[in-house]
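The values are calculated or read from the model by the stated rules, or taken from the named source; none is laboratory data. Since the structure is predicted, the reported quantities are computational estimates derived from the model, not experimental observations. FYI the Cβ positions are ideal-geometry reconstructions off the backbone, even for glycines, and counts take in every protein chain you see. To get the accessible areas, we keep the full protein, side chains included, count just its heavy atoms, and leave off ligands, DNA and RNA. Shrake-Rupley method; radii C 1.70, N 1.55, O 1.52, S 1.80 Å.
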Amino acid sequence: LRRWPSVGAAALGKYAAIVWDVGDRSSATLSLQDQQLLQEWLKLPGSNRGLLVAGDNLAYDLVANRQDIGTFLSCALGVTYLRDVWETIPQDSLSPTLSGASNTRIASEPFPISGICPGVNRFDAFLPSPCAGAKARAWVLYPNTNVAAVEMRDSVGVVADSSRSVLLGFGFVVWA
């Protein structure tokens, strides 16, 4: 069921953060309208904003199912979709321990996740997008150094006013 409010970006401007988790869904993860709304919300001036987007197949849906509005994944989130699984098929490690990427404040922190329950999860792998340039960076890595999460940092015209988004290649229910 959709529980997302049908309001414009200005009405959402009072919120400092939005969390969007689609779990292991492989379709209908973000509608065209939702992508446009979130993209507009990230660009609102006036306060710092944070968008956390998570899901095993969210990037897969936007690319493979051609659901991206054309700029949301690559430019708003700063992500290039690499593939539908983090390991080469067949997946050997269903419970990898991720780590923060170098030059991030979480670089030394391990993040164990479990992709075996209730079914086998297919965690998306990414690269930072050329569209985002230096604003996008790897944030969390799989054990084979494929990118599990990308952070996009963007100034909204004033140094003190910024937005950040993070796309995770896995949903929240997989945290071990």
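Could you grab me the full set of residues in segment 43-57 that are out of contact with any Asp or Glu (no Cβ under 7 Å at 6 or more places or on another chain) and surrounded by 20 or more Cβ atoms within 10 Å (Cβ to Cβ)?
Matches in segment 43-57: 49, 51, 53.
Taking the residues in segment 116-144 that are small (Gly, Ala, Ser) and part of a strand (DSSP E or B) as candidates, determine which candidate is surrounded by the most Cβ atoms within 10 Å (Cβ to Cβ).
Across segment 116-144, the extreme among qualifying residues is 136.
Regarding residue 90, is this residue loosely packed, with under 15 Cβ neighbours inside 10 Å, at pLDDT below 85 and farther than 23 Å from residue 145 by Cα? Outline the logic, then answer.
Values: loosely packed, with under 15 Cβ neighbours inside 10 Å: yes; at pLDDT below 85: yes; farther than 23 Å from residue 145 by Cα: no.
For residue 90, the condition - loosely packed, with under 15 Cβ neighbours inside 10 Å, at pLDDT below 85 and farther than 23 Å from residue 145 by Cα - is not met.
Can you give me the number of residues within segment 41-73 that are farther than 27 Å from residue 120 by Cα, of a type outside the set (A, V, I, L, M, F, W, C) and not in a loop (DSSP other than H, G, I, E, B)?
2
Are any residues in segment 13-36 open to solvent by less than 20 Å² (accessible area, probe 1.4 Å) and either at pLDDT 85 or above or among the hydroxyl-bearing types (Ser, Thr, Tyr) (or both), and if so, which ones?
Once the filter is applied, which keeps residues that are open to solvent by less than 20 Å² (accessible area, probe 1.4 Å) and either at pLDDT 85 or above or among the hydroxyl-bearing types (Ser, Thr, Tyr) (or both), segment 13-36 yields 18, 22, 29, 30, 34, 35.
Quick grid of which residues meet (1) in contact with a strand residue (DSSP E or B) (Cβ under 6 Å, 6 or more places away or on another chain); (2) within 18 Å of residue 152 (Cβ to Cβ); (3) not hydroxyl-bearing (Ser, Thr, Tyr):
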site	(1), (2), (3)
17	yes, yes, yes
34	no, yes, yes
37	no, yes, yes
54	yes, yes, yes
61	no, no, yes
73	yes, yes, yes
108	no, no, no
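Of the numbered conditions (1) under 25 Å from residue 27 (Cα atoms); (2) at pLDDT below 95, residue 128 fails exactly one; give the number of that condition.
Only one criterion is unmet by residue 128, namely (2).
Filter segment 98-115 for residues that are within 18 Å of the chain's Cα centre (by Cα), surrounded by fewer than 18 Cβ atoms within 10 Å (Cβ to Cβ) and assigned to a strand (DSSP E or B) and give the result.
Selection gives 112 alone.
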